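Bear in mind that the values in this text are calculations on the coordinates, not laboratory data. From a predicted model like this one, the values you see are computed outputs, not experimental measurements. Note that each Cβ is placed from the backbone with ideal geometry, even for glycine, and that neighbours are counted across all protein chains shown.
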Amino acid sequence: MLQEYSIVNGRITQGHDGVIPIDLYIAPDDAEKAKLIGEFGIDEHTLASSVDPDEPPRMEFEPNHTAIIIKYPKNYSADDNFLFKVKSMGIFVFSNRVVLVVSDNVQMFTGKIALNVSTVQDILLRVLLQAVRHFESHLRVINMCSEEIESEINEAIENRSLLNMFTLEKGLVYYVNALSGNGRVIERVKVNAAKLGLTGENLELLDDLAIENNQSLDQAQVYSQVLSGLMDARASIVSNNLNVMMKNMNAIVISVAVPTFFTGVGGMSEFTGAVGDAHKFWAYPLFMLTMAFLGYATFLVIKKFERH
């Protein structure tokens, strides 16, 4: 599907009535791929990399354009079950046109990012900035999800909550790799600034881009380390609780076993006859209280040795 944008009075707007067309291809079909390869001269492998989520970010110089592959966050939905994924985006910068290729629908050129644009270099930097800001917004959502899951685990340790935390940590690993790759692309754009025709103002924005991307990378790494530490702590707590429970169960079993021995002896015919001949109504209650006291005393002795 093709969405057309262009620059009108220094602002990126949807439509083709302005200058410097911007073609956004969302999951291009075979006919659109053939047009991109035949009419624009885009390499078939690079075009396939634009919709491949496993493709690493990179930049290549072609005879008539510059091809850049970057990462951006996939739109999150409730069906993802706390798994935040990343997608690839192809940016093809020509002398008078910019072509974008993505696999899923993504919001482009919203807010202030679409303002003060006049050249293809401005468009390139706005697309990179949009990706960085998209990661920043998703990291805020991940932080809120992490706090919610942690609260659930504190109230009741369930497999579902632990699995959600593990899934969230898995998504953060993808984000760290994506932000790291995007950072390398931004650095290469800076190195090839003259070849790309970047102005001094463009370089200032590129420096800001690099700083924001590094901040997002640091934030994602911190979140990933915190979640990893929480997972290890929860596993240790569960293991410790299991050990405590088994110790208490063993103490109870032994406490019951000791008086059971005496009650077994008390059930022998000789002992039963002796108690019955005594005609004492308090004989059996006294015997039961003695067994209960013996079991409780055994339990206390076991717990005392456990503390040492």
Discussion item. List the GluC sites (Glu not before Pro) within region 1-106 that DSSP assigns to loop and that have no more than 15 neighbouring Cβ atoms inside 10 Å.
Written reply: Glu39
Response to the item:
The extension gain from Ala292 to Leu203, computed as 0.36 nm times the residue separation minus the Cα-Cα distance, is 23.7 nm
Discussion item. If the only charges are +1 at each Lys and Arg Cβ and -1 at each Asp and Glu Cβ, what is the size of the charge dipole of region 1-75 around the Cα centre, to the nearest 20 debye?
Written reply: 380
Practice prompt. Tell me, rounded to the nearest percent, the portion of alpha carbon pairs in region 20-107 spaced more than 20 Å apart.
Written response: 33
Worksheet entry | Footprinting exposure proxy for Lys85, Lys304 (fewest neighbouring C-beta atoms within 10 Å first) | Lys304, Lys85
Response to the item:
Taking R0 as 41 Å and r as the Cβ-Cβ distance between Arg133 and Asn250, the FRET efficiency 1/(1 + (r/R0)^6), rounded to the nearest 0.05, comes to 0.10
Fill in: Cα-based equivalent ellipsoid of region 2-239: semi-axis lengths in Å, sorted from largest, via gyration tensor
37, 18, 16
Fill in: Potential extension, Val191-Leu300 segment - 0.36 nm per residue separation minus Cα distance
31.9 nm
Response to the item:
Assertion target for Lys112, Lys87, ordered by fewest C-beta neighbours within 10 angstrom first, is Lys112, Lys87
Worksheet item: Quick one: if the Förster radius is 25 Å, what FRET efficiency do Gln3 and Val222 give, using the C-beta to C-beta distance and rounding to 0.05?
Response: 0.10
Discussion item. Please compute the length gained on full extension between Ala34 and Ser95, using 0.36 nm multiplied by the number of residues separating them and subtracting their Cα-Cα distance.
Written reply: 19.9 nm
Worksheet item: If each residue's Cβ is checked for other Cβ atoms within 10 Å, how do Tyr296, Tyr174 rank with the fewest at the top?
Response: Tyr296, Tyr174
